[in-house]
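This report concerns only the one structure given below.
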Amino acid sequence: MELRLEGVGKRFGDVRAVDRLDLTVEEGDFFTLLGPSGCGKTTILRIVAGFEVPDTGRVIFDGVDITERSPQRRGFGMVFQNYALFPHLSVFENVAFGLRTRRMRGEEVHERVARALTLVHLDRFGDRRVQQLSGGQQQRIALARALAIEPPLLLLDEPLSNLDATLRERTRTELRLLLKEIGITALFVTHDQEEAFDLSDRVAVLQEGRLRQVGTPRELYERPADRFVAGFVGKATLLTGTLDRHEDEVVVRLDSGAAWRVRAGSGQATGQRVEVVVRPEELELHRVRDRKTELTGKVIDVRYLGSFTSYRVELAGGTLIEVAAPAGRADEKEEVGLRPMPGVRLHALPVEEA
Ligand code: ATP
């Protein structure tokens, strides 16, 4: 069942929390709303859940306009950041809660609760009180409660943010496997790019209530639509230059002089001003070899991070660029040359007017 938002807008006083948003979540997708604090993610989720009515636009689910429908009648499953479990009830009763409010009784409740607890690997915990569980277990109970009603759509608002780093990553993996297994359609909210990439089939990047780009994690990372997405999704340095098209090859002549290949389709005509998006792992770093084809700069910081070493390099004009390379490539204060790794085609954006 597909979820569609059409021209959805919501204001709070002077704040445009959501601005004419069009979005489609396809059946079976794990779809994530990603953006910085205050960009409107929670408001969108609340509109989909039915806790807010939008000022403009429509919410369509399975082909039906549900914009005005109450949360109960929508019947979506919800998991929140603070779990919202009942501390005085047992695990069983917490998971059964949504079923009882739907007037389900007896054997059916038992079956559904057992199934939901098995899904989250807590089937032996039914009699426990919620306070006797760890944070990660409580989060799984909240998920079991949402899944017990067998909702056609699952809404998740930063459900992992109260967990510590290790548990967060483990719960994330479990969540991904579990949701894939049951094939539920899910709409997930987070400000954490890594989490969004790890879990999602598709991600919508939002800024100040507006949609900047929708795509698979790979599309967003490799072909960001604008500067905001390039910077929010991973690390990026933007280098300005001028596009030069030769038959099948597209080259950008950087303002510093070097000419680097970029992906076809990243920009149109020869002479167009562009910004090249450079990711830390796309460059090679070594002693200066050829000033015509390389960018040169001075290493100002070296951080050993295990699987790679991060070098911060200050280019001639003062631009700082981060490069991920093997350890021992250069020392602080050393002059180095940078060029794209063999075979890498960088992504170029048209220069945005200020
Ligand atoms: P966070 O990640 O911090 O939760 P968010 O992206 O979920 O942020 P929202 O909570 O949707 O953002 O808020 C979007 C904007 O709308 C913010 O500027 C917020 O202050 C404002 N806002 C949200 N709810 C209300 C409300 N009930 N009354 C007034 N302003 C609100």
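Tabulated data
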quantity	calculated
Unit Cα scatterers, Debye sum, the chain: log10 I(q)/I(0) for q = 0.11, 0.15 Å⁻¹	-0.84, -1.19
Rg/Rh for region 155-220, where both radii come from Cα atoms and Rh is the Kirkwood radius	0.96
HIS121 accessible area, assembled protein chains, probe 1.4 Å, Å²	130
Neighbour net charge for MET78 - beta-carbon separation under 11 angstrom, K R +1, D E -1	+2
Residue-normalised accessible area of the chain, given per residue in Å² at a 1.4 Å probe	49
Fraction of beta bridges assigned by DSSP in the chain that are antiparallel (%, nearest 5)	80
Distance between modelled label sites at ILE300 and ASP123, nm, 7 Å Cα→Cβ extension	5.8
Cβ-defined net charge surrounding GLY209, 14 Å radius [Lys, Arg +1; Asp, Glu -1]	+2
Convex hull volume per residue in cubic angstrom - Cα atoms of region 85-196	103
Assigned charges on the beta-carbon of Lys, Arg, Asp, Glu; region 156-290 dipole about Cα centre (debye)	260
Carbon + sulfur, % of accessible area of the chain - ligands and nucleic acids excluded, 1.4 Å	47
For LEU283, residues with placed amide H under 5 Å, excluding near neighbours	ALA324, MET341
Helical mean residue ellipticity (222 nm; -39500 (n - 2.57) per DSSP H run of 4+; nearest 500) of the chain	-7500 deg cm²/dmol
Overall dimensions of region 22-124 as given by Cα atoms, namely Rg and Dmax in Å	16.4, 47
For region 312-322, 3J(HN,Hα) per residue [Karplus equation, 6.51 cos²θ - 1.76 cosθ + 1.60, θ = phi - 60°, Hz, x = Gly/Pro]	9, 10, 9, 7, 3, x, x, 5, 9, 9, 9
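The values are calculated or read from the model by the stated rules, or taken from the named source; none is laboratory data. Everything quoted here is computed from the prediction, not taken from an experiment. Glycine gets a Cβ as well: all are built from the backbone with ideal geometry, and neighbour counts include every protein chain shown. Only protein heavy atoms, including side chains, enter the accessible area calculation; ligands, DNA and RNA are left aside. Shrake-Rupley method; radii C 1.70, N 1.55, O 1.52, S 1.80 Å.
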